[in-house]
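Okay, here's the structure, questions in a sec.
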Amino acid sequence: MAAAKKIIIDTDPGQDDAVAILLALASPELDVIGITAVAGNVPLALTQLNARKICELAGRPETKVFSGAFRPMVRPLVTAEEVHGKTGLDGPDLPEPQMPLQAAHAVDFLVETLLAEEAGTVTLCPLGPLTNIALALVREPRLAHRIERIVLMGGGYFEQGNVTPSAEFNIYVDPHAADVVLKSGVPIVMMPLDVTHKALTTSARVKAIRDLGTRVGVAVAEMLQFFERFDEAKYGTDGGPLHDPCVIAYLLKPELFSGRECNVAVELASELTMGTTVVDWWGVTKRPKNALYIRDIDHDGFFALLTERLALL
Ligand code: RIB
Ligand code: CA
């Protein structure tokens with residue numbers, strides 16, 4: 001097998017972040033060289049704690065977890081306890097972590113690691129607001145030519161928004177950070193609501209995960225059953241969108257996904273549409289095609305991959 005792909009997961013756990021982290025840690029194709037926590041679904045003190053709880057659930061307490069930005073670059077922090085619960089990881093009862101939080105700041109870790117590792121060998125996987133990534137890019141412009149790719153969950157266009165009528169949560173929380181990333185020149189793959197809303201945690205899929213009968217399988221089923229209730233009530237569907245694991249699944253099996261190279265820009269001026277991602281899907285502008293914008297997924301193949309890999313933990 002080829003050498004494992006080095007990735008850094010930037011995250012605001014969050015049940016769907018948790019499943020993404022578990023999928024990555026279960027997959028030998030990936031080498032998770034660090035996990036950087038950011039404020040988002042819940043405040044930073046909880047996202048860095050949850051990230052460590054998840055690593056221990058995976059049986060990987062040696063994973064390096066770093067704490068990053070406690071608020072967006074410009075706007076005040078907006079959180080989502082109504083979706084994720086007051087802990088951010090409601091559902092299973094996971095023990096307090098024994099593994100340490102790394103002393104270095106997440107942004108320092110990102111800068112130092114991306115300068116130290118061979119250029120083009122580290123992929124960034126942001127699953128929350130892009131604050132840490134943007135701060136690193138602003139701090140050290142050389143990173144833009146050293147990051148292999150940014151594969152992120154965020155945005156929405158045909159599906160519109162989930163936190164406002166037009167904006168998706170990760171981009172809405174820190175639209176200025178998203179603007180820095182989208183204009184950075186780093187190759188970007190975007191997993192927006194247009195694709196994640198096609199990856200629903202139906203009762204049959206959650207049962208298959210619970211039926212693994214492992215500590216991880218049961219805990220993930222408990223996470224999903226808590227996490228999905230908000231979106232099931234909102235959208236009237238069987239199951240809710242499983243957003244963040246789409247990022248990791250893309251690295252493992254890109255053939256499960258399809259999209260188009262497009263220009264993606266973000267609204268920073270209007271309060272009404274703040275954080276909206278404007279996608280030039282039909283190429284009507286001359287703006288640079290700065291992202292592979294994913295729109296479709298083989299959702300059965302996605303959940304088969306996820307369930308198969310979770311069984312390995
Ligand atoms: O809009 C969905 C995104 O916001 C996901 O990353 C979820 O974890 C929340 O951060
Ligand atoms: Ca997230």
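The values are calculated or read from the model by the stated rules, or taken from the named source; none is laboratory data. Just so it is clear, the model here is predicted, and its values are computed rather than measured. So basically every Cβ, Gly included, is an ideal-geometry build from the backbone, and we count neighbours across all protein chains shown. Keep in mind that these areas ignore ligands, DNA and RNA; they rest on the heavy atoms of the full protein, side chains included. Shrake-Rupley method; radii C 1.70, N 1.55, O 1.52, S 1.80 Å.
If you average 1/r over every pair of different alpha-carbon atoms in the chain and take one over that average, what Kirkwood value in Å do you get?
For the chain, inverting the mean 1/r across all distinct Cα pairs yields 19.0 Å.
If each residue of separation counts as 0.36 nm, what is the full-extension length gain between Phe230 and Glu261 once their alpha-carbon separation is subtracted? If you can, show how the numbers build up before the last one.
Values: separation 31, 0.36 × 31 = 11.16 nm, distance 3.20 nm.
Extra length available between Phe230 and Glu261 comes to 8.0 nm.
On a C-alpha basis, how far is the centre of the range 102-171 from the centre of the range 262-281 in Å? Whole number, if you could?
Here the answer is 18 Å between Cα centres.
To continue, here is another question. Provide the gained length on full extension for the span Thr87 to Thr214, in nm with one decimal, where the gain is 0.36 nm per separating residue minus the Cα-Cα distance. Show your work: numbers first, answer last.
Numbers: separation 127, 0.36 × 127 = 45.72 nm, distance 2.30 nm.
Contour length minus Cα-Cα distance gives 43.4 nm.
Of Phe227, Leu292, Leu310, which is farthest on the positive side of the dipole of the range 216-313, counting Cα position, with +1 on Lys and Arg Cβ, -1 on Asp and Glu Cβ, and the Cα centre as origin?
Leu292
Please work out the ratio of the alpha-carbon Rg of the range 1-108 to 2.2 N^0.38 Å and round it to two decimals.
1.04
Can I ask one more? Hey, if you put +1 on the Cβ of every Lys and Arg and -1 on every Asp and Glu Cβ in the range 43-87, which of Ser67, Thr87, Cys55 ends up farthest toward the positive end of that dipole?
Of the listed residues, the answer is Ser67.
From the cross-link list Lys64/Lys253; Lys86/Lys207; Lys6/Lys207; Lys5/Lys64; Lys6/Lys64, which pairs have alpha carbons spaced over 20 Å apart?
Lys64/Lys253; Lys86/Lys207; Lys6/Lys207
For the chain, which span is the longest to avoid every loop-located (per DSSP) member of GluC sites (Glu not before Pro) having at most 11 other Cβ atoms inside 10 Å?
The longest such stretch corresponds to 119-270.
Can you give me the solvent accessible area of Arg229 with a 1.4 Å probe, rounded to the nearest 10 Å²?
90 Å²
If the only charges are +1 at each Lys and Arg Cβ and -1 at each Asp and Glu Cβ, what is the size of the charge dipole of the range 117-167 around the Cα centre, to the nearest 20 debye?
Using only the charged Cβ atoms, the result is roughly 120 debye.
Which trypsin sites (Lys or Arg not before Pro) in the range 258-289 pass both tests, a DSSP loop state and at most 11 other beta-carbon atoms within 10 Å?
Within the range 258-289, the qualifying trypsin sites (Lys or Arg not before Pro) (loop, at most 11 other Cβ atoms within 10 Å) are Lys286.
Taking a ≥ b ≥ c as the square roots of the eigenvalues of the Cα gyration tensor of the range 85-209, is the shape rounded (a/c under 1.5), prolate (a/b larger than b/c) or oblate?
Cα axes put the range 85-209 in the oblate bin.
Let me know the charge dipole size of the chain about its Cα centre in debye, to the nearest 20, where only the beta-carbon of Lys, Arg (+1) and Asp, Glu (-1) is charged.
Its charge dipole is roughly 480 debye.
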